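The values are calculated or read from the model by the stated rules, or taken from the named source; none is laboratory data. All figures in this text were calculated on a predicted structure; none of them were measured in a lab. For neighbour counting, all protein chains shown are included, and Cβ atoms are generated from backbone atoms with ideal geometry for every residue, glycine included.
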Amino acid sequence: MNEPVLLRPHHALCLHYFIGKGYGCGFVENMFHIKRFLCGRSLRTVVLHNGADCICAACPNRRNGGCMSSEKVARYDRECLKACGLAFGQAFPWPELCRRVRKAILEKPGVRAGICFDCLWKTLCQQQDVEKSVENV
């Protein structure tokens with residue numbers, strides 16, 4: 001049986017930009033696993049989850065069942081939902097969620113940067129955005 005994958009809304013952005021860098025080997029390995037799992041099973045259902053998910057499980061900022069950055073990541077989640085017109089608890093096939101995020105956030109200049117302007121990894125996303133824009137010239 002295909003159980004739905006619980007995913008924080010902002011992690012749809014993180015997975016889009018993930019290139020094998022992160023907090024440490026365990027975290028990176030987990031992200032690779034989740035990305036392969038979702039992309040390899042295109043009909044996998046993703047539920048927009050309010051709280052720790054499968055990506056959080058390997059994050060070093062997770063302490064005693066909580067998140068050291070909980071206020072910041074909760075803001076990322078709220079802003080992603082707002083930009084996409086979505087709500088916690090909604091379920092989508094992974095490709096549909098990716099399409100919605102791409103249309104509402106990634107294809108609109110400045111939207112992603114406005115959501116995660118204080119993210120530790122924002123330079124990786126910015127670099128990929130620049131590389132993609134150069135490829136399209």
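Has the stretch 87-106 got at least one residue that is surrounded by 13 or more Cβ atoms within 10 Å (Cβ to Cβ), part of a loop (DSSP other than H, G, I, E, B) and either out of contact with any Phe, Trp or Tyr (no Cβ under 7 Å at 6 or more places or on another chain) or not β-branched (Val, Ile, Thr) (or both)? Yes - at least one qualifying residue is present in the stretch 87-106. Could you please let me know if ALA83 is surrounded by fewer than 17 Cβ atoms within 10 Å (Cβ to Cβ), in contact (Cβ under 8 Å) with a residue 24 or more places away in the chain and of a type outside the set (S, T, N, Q)? Against the criterion (surrounded by fewer than 17 Cβ atoms within 10 Å (Cβ to Cβ), in contact (Cβ under 8 Å) with a residue 24 or more places away in the chain and of a type outside the set (S, T, N, Q)), ALA83 does not qualify. Summed over the stretch 109-123, residues that are surrounded by 12 or more Cβ atoms within 10 Å (Cβ to Cβ), among the charged types (D, E, K, R) and touching a residue at least 24 places away in the same chain (Cβ under 8 Å) total 1. Would you be able to tell me the number of residues in the stretch 107-122 that are under 20 Å from LYS35 (Cα atoms) and either of a type in the set (Gly, Ala, Ser) or not in a loop (DSSP other than H, G, I, E, B) (or both)? Counting residues in the stretch 107-122 that are under 20 Å from LYS35 (Cα atoms) and either of a type in the set (Gly, Ala, Ser) or not in a loop (DSSP other than H, G, I, E, B) (or both) gives 2. For the criterion of being within 14 Å of the chain's Cα centre (by Cα), crowded, with 16+ Cβ neighbours inside 10 Å, more than 24 Å from GLN127 (Cβ to Cβ) and among the aliphatic types (A, V, I, L, M), ALA12 fails. Of all the criteria given as (1) buried (at least 18 other Cβ atoms within 10 Å of the Cβ); (2) at pLDDT below 80; (3) within 21 Å of GLN128 (Cβ to Cβ), the one not satisfied by GLY20 is (1). Can we say PHE27 is at pLDDT 80 or above, surrounded by 13 or more Cβ atoms within 10 Å (Cβ to Cβ) and either in a helix (DSSP H, G or I) or touching a strand residue (DSSP E or B) at 6+ places or on another chain (Cβ under 8 Å) (or both)? For PHE27, the condition - at pLDDT 80 or above, surrounded by 13 or more Cβ atoms within 10 Å (Cβ to Cβ) and either in a helix (DSSP H, G or I) or touching a strand residue (DSSP E or B) at 6+ places or on another chain (Cβ under 8 Å) (or both) - is not met.
Against the condition of a type in the set (D, E, K, R), buried (at least 19 other Cβ atoms within 10 Å of the Cβ) and under 15 Å from VAL101 (Cβ atoms), how does ARG78 come out, does it pass?
Against the criterion (of a type in the set (D, E, K, R), buried (at least 19 other Cβ atoms within 10 Å of the Cβ) and under 15 Å from VAL101 (Cβ atoms)), ARG78 does not qualify.
Of all residue pairs spaced 6 or more apart or on separate chains, those with beta-carbon atoms under 8 Å, a first member in the stretch 33-59 that is charged (D, E, K, R) and in a loop (DSSP other than H, G, I, E, B) and a second member that is at pLDDT below 85 and surrounded by fewer than 18 Cβ atoms within 10 Å (Cβ to Cβ) are ARG41/ASN2; ARG44/ASN2.
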